[in-house]
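Asker: Just dropping this structure here.
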Amino acid sequence: MKRSLSLLLALITLLFSLTALTACGKRDGVTVRYLNFKPEVAAKYEAIAKAYEKETGVRVVVETAAANTYEQTLLSKLPTRDAPTVFQINGPKSYSAYKDYLADLSATELYRHLADPSLALSKDGKVYGVPYVVEGYGIIYNKKIMDRYFALPGKATPYSDVSQIKSFDALSAVVWDMQKNKASLGIDGVFAATSLKSGEDWRWQTHLFNLPLTYEMEEKDVDMTAADYTDFTFKYSENFKKLFDLYLNNSTTARAALGTKTVADSMAEFALEKCAMVQNGSWAYAQIATESGNKVASEDVGFLPLYMGGAEESTQGICIGTENYYAINQKASAEEKAAAEAFLWWLYSSDTGKRFVREELGFIAPFDTFSENDIPNDPLAREVLRYMRADGVKNLPWRFAAIPSLRLKEDFGASLLAYAQGQKTFAAVVSDLKAAWQSESK
Amino acid sequence: MKAGTLKRYFGIFVLPTLLCFLLVFVIPFVMGIFLSFTEFSTIESATFVGLANYKLAFRAGDGFLRSLGFTSLLALAVVAAVNLVALALALLLTKRIRFTSLFRGVFFLPNLIGGIVLGYIWNLLLGGILSYFGLDITYFASLGFLGLLLLSVWQLSGYMMVIYIAALGAIPKETEQAALVDGATPFQLLRYVKLPQILPSIAVCVFLTLTNTFKMFDQNLALTQGAPGRKTEMLALHIFRTFYGRIGWQGVGQAKGVMFFIVVAVLSGLQLYFTRQRKEKI
């Protein structure tokens, strides 16, 4: 009795360890493994996968990385047998990290229907990343408050409409005067808090920084897809400082408290009309609309370009680009790759797929399969399209993918916070950034 | 059970565990050491680069040495503070006070809360107080240091207290009574009678706090995130960020991880050595 009991126990132990080993190795038929990097849209992708399986019978497994852990998840999943067949990369920098896993997409339907092929990531004639959404950012303003200002009898500027603000000088004059009249405008400050809490500072260390970086790279004629930009000089640091100072000086929030502010705080201030402007992108409309007590009507939001005294201010547009590219796993089998291509093509060309893209994901998709009627119904997305189609407007691309590392951005953000708090001079911010740029490239 | 039976079943019972241990610990560990000498993005794509990663880790401005310094300083402060507080609590709670067991439980409780939760709780508490002065925990690095110290004392003291209570309870009553008969003052009683007899426990507690502080990660992440400007970034967080925050630096992160292991292993070795030595003397 005792003997058989212990044998049984031993068998159970063995069984446990065996199932643990084999559980990960089971697979049947061709499936598409889609690694999603935004937890907030996980449910939407699950719904898409279900719809696709219903229409075509091909299984799509959606896996979602937890917030801010996408790169970790991707790095640890790629060498496994359950590696994703479709994943996202965010720009030329990704090439060096994942080059062994990037399949050539130049023959895919998705790439062929890209409205502007130059948006794709390519190297030596091979396409390894196809963008699937374009986004734009600038200064989001509340038209109602702006009009209230323009109607003020005692205003000190000659402007009477937002569309007349076409340079940094104009923006600065209006902003300072608005700040002076903040009580009669019913706001705490013109700009929402310059959120500089660590992890919440990307609007400055990445997005605002994109402009001086773009000016510099365009002047030197550096290619958009170049992965390494090593001779960074921060030539336009003064322009960056101009606009950044304008944010700090005309804010809802005292400088000392900026280290505690998050992006959500800033967006809430905008939604509750405690401020008239906030720098952010088209993705932020959901945050405004869903804030409880939101007072901002959808027809009152618009974008202003990020004026900082650059060369061509009269034609300057907003920053439009993408850091979302589809990549297909080179190491997947031929059938899996074909299945992945078919799935992506379905999503951006079939009626069902396009409806998901338009209504659920709210993407401005850069493919010629999307007509005028396929635009998402969100005012900031429409603003992006307005800027894209406006004549004589030069929108700026997203060049920040050339920034060497996340750590450099974090350090730059911390530097900006110290500067805002008065613990660091701007000259030191500039020299630290330049030094870090060199050392991050090893 | 006969020795023969034991031997017969040894394989069946131990093999699965041994296999798991090999698979999830020994093999990754050896691979990890190997990877620290290579440049890689995923484990399939490693190319050998010799000691280059170790050199990069020590390069000026990298922050590895600063993190090591910050961690060591904090560890020293935590060891002193935690053990003093824990010992004081233990002395109090071995006296005949009402509700002793309730107090013991309350002081032990923080130890059961996860580090992330604890970090956020203290972040809120300290942030609430500091906002009166227009500051926050990441305003000065020294505030972050004090915050981490406070958090560690709050979390670890209860645990160490339990060890000290056990040690104090194990002291033979005769020695105390003999000292009292001889007219020892309370301080003399503590210094010459109690402390010498709980020395092994002190060694255990000192090293436990030391290794715990060196390995601290989640509390650091939740309380300060290393801000301002990585000045309060402890070793574990620093390594994590080297690995995941810098494309192409995974090898360097791995090298730092290996060095981190060596530091903690040396500390644990010292602990073993000292506790064993005490036992042999007794």
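The values are calculated or read from the model by the stated rules, or taken from the named source; none is laboratory data. Nothing here was measured: the structure is a model prediction, and the numbers come from that model. Here Cβ is always computed from backbone atoms with ideal geometry, including for glycine, and neighbour counts include all displayed protein chains.
Asker: For the stretch A:265-358, list the strands (runs of 3 or more DSSP E) that sit wholly inside it and hold at least 1 residues that are among the polar types (S, T, N, Q); which are they?
Answerer: Details: elements: A:277-281, A:301-304, A:316-321, A:325-328.
By residue number, A:277-281, A:316-321.
Each row is one residue, and each column tells you yes or no for (1) more than 30 Å from A:ALA420 (Cβ to Cβ); (2) touching a residue at least 40 places away in the same chain (Cβ under 8 Å).
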site: B:VAL204; (1), (2): yes, yes
site: B:LEU210; (1), (2): yes, yes
site: B:MET216; (1), (2): no, yes
site: B:ALA222; (1), (2): no, yes
site: B:GLN225; (1), (2): no, yes
site: B:PRO228; (1), (2): no, yes
site: B:LYS231; (1), (2): no, yes
site: B:ALA236; (1), (2): no, no
site: B:PHE240; (1), (2): no, no
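Asker: Here is a further query. State all residues of the stretch A:382-420 that are under 19 Å from the mean Cα position of the chain (by Cα) and among the aliphatic types (A, V, I, L, M); if no residue qualifies, say none.
Answerer: Of everything in the stretch A:382-420, those that are under 19 Å from the mean Cα position of the chain (by Cα) and among the aliphatic types (A, V, I, L, M) turn out to be A:VAL384, A:LEU385, A:MET388, A:LEU396, A:ALA401, A:ALA402, A:ILE403, A:LEU406, A:LEU408.
Asker: Filter the stretch A:78-103 for residues that are surrounded by fewer than 19 Cβ atoms within 10 Å (Cβ to Cβ) and free of Cβ contacts under 8 Å to residues at least 60 places away in the same chain and give the result.
Answerer: A:PRO79, A:THR80, A:ARG81, A:ASP82, A:LYS99
Asker: So, B:GLN197, is that one closer than 30 Å to B:ALA167 by Cβ, at pLDDT below 90, surrounded by fewer than 18 Cβ atoms within 10 Å (Cβ to Cβ) and more than 14 Å from chain A (Cβ to nearest Cβ) or not? Reasoning before the result, please.
Answerer: Working: closer than 30 Å to B:ALA167 by Cβ: yes; at pLDDT below 90: no; surrounded by fewer than 18 Cβ atoms within 10 Å (Cβ to Cβ): yes; more than 14 Å from chain A (Cβ to nearest Cβ): yes.
When the stated conditions are applied, B:GLN197 does not pass them.
Asker: Let me spell it out: the conditions are (1) hydrophobic (A, V, I, L, M, F, W, C); (2) within 14 Å of chain B (Cβ to nearest Cβ); (3) more than 18 Å from A:LEU208 (Cβ to Cβ), and A:PHE412 meets all of them except one. Which number is the exception?
Answerer: Of everything listed in (1) hydrophobic (A, V, I, L, M, F, W, C); (2) within 14 Å of chain B (Cβ to nearest Cβ); (3) more than 18 Å from A:LEU208 (Cβ to Cβ), A:PHE412 misses just condition (3).
Asker: Between B:GLY50, B:GLY114, which is more than 12 Å from every other protein chain (Cβ to nearest Cβ), surrounded by fewer than 12 Cβ atoms within 10 Å (Cβ to Cβ) and under 26 Å from B:LEU150 (Cβ atoms)?
Answerer: On the way: B:GLY50 fails: under 26 Å from B:LEU150 (Cβ atoms).
When all the criteria are applied, what remains is B:GLY114.
Asker: If you check A:LYS197, A:LYS166, A:LYS126, which single one turns out to be charged (D, E, K, R), closer than 19 Å to A:LYS409 by Cα and either surrounded by fewer than 23 Cβ atoms within 10 Å (Cβ to Cβ) or touching a residue at least 12 places away in the same chain (Cβ under 8 Å) (or both)?
Answerer: Numbers: A:LYS166 fails: closer than 19 Å to A:LYS409 by Cα; A:LYS126 fails: closer than 19 Å to A:LYS409 by Cα.
Just a single option satisfies the conditions, and that option is A:LYS197.
Asker: While we're here: Condition first: within 14 Å of another protein chain (Cβ to nearest Cβ) and not aliphatic (A, V, I, L, M). Now tell me which residues in the stretch A:415-437 satisfy that. Please lay out each step first, then the result.
Answerer: Of the stretch A:415-437, the ones within 14 Å of another protein chain (Cβ to nearest Cβ) are A:415-424, A:428-429, A:431-437.
Across the stretch A:415-437, the qualifying residues are A:SER415, A:TYR419, A:GLN421, A:GLY422, A:GLN423, A:LYS424, A:SER431, A:ASP432, A:LYS434, A:TRP437.
Asker: For a quick check of your reading of the model, give me the residue pairs whose first member lies in the stretch B:91-116 and is over 30 Å from B:PHE217 (Cα atoms), whose second is among the aliphatic types (A, V, I, L, M), with beta-carbon atoms closer than 8 Å and at least 6 apart or on different chains.
Answerer: Short answer, once both residue conditions are applied: B:LEU91/B:LEU168; B:LEU91/B:LEU190; B:LEU93/B:MET161; B:LEU93/B:ILE165; B:THR94/B:ILE165; B:THR94/B:LEU168; B:THR100/B:LEU93.
Asker: Oh, and also: Might you let me know whether the stretch A:217-233 holds any residue that is part of a helix (DSSP H, G or I) and in contact (Cβ under 8 Å) with a residue 12 or more places away in the chain? Full working, then the answer.
Answerer: If we filter the stretch A:217-233 for residues that are part of a helix (DSSP H, G or I), which is where we start, we get A:217-219.
Narrowing further to those that are in contact (Cβ under 8 Å) with a residue 12 or more places away in the chain: A:217, A:219.
Yes, there is a match, as at least one residue in the stretch A:217-233 is part of a helix (DSSP H, G or I) and in contact (Cβ under 8 Å) with a residue 12 or more places away in the chain.
Asker: If you scan the stretch A:417-430, which residues turn out to be loosely packed, with under 14 Cβ neighbours inside 10 Å and free of Cβ contacts under 8 Å to residues at least 60 places away in the same chain?
Answerer: So in the stretch A:417-430, the residues loosely packed, with under 14 Cβ neighbours inside 10 Å come out as A:422, A:425, A:427-428.
Once the filter is applied, which keeps residues that are loosely packed, with under 14 Cβ neighbours inside 10 Å and free of Cβ contacts under 8 Å to residues at least 60 places away in the same chain, the stretch A:417-430 yields A:THR425, A:ALA427, A:ALA428.
Asker: For the list (1) within 14 Å of another protein chain (Cβ to nearest Cβ); (2) touching a Pro at 6+ places or on another chain (Cβ under 9 Å); (3) surrounded by fewer than 20 Cβ atoms within 10 Å (Cβ to Cβ), I need the number of the one condition that A:VAL393 fails.
Answerer: Going through (1) within 14 Å of another protein chain (Cβ to nearest Cβ); (2) touching a Pro at 6+ places or on another chain (Cβ under 9 Å); (3) surrounded by fewer than 20 Cβ atoms within 10 Å (Cβ to Cβ) one by one, A:VAL393 breaks only (1).
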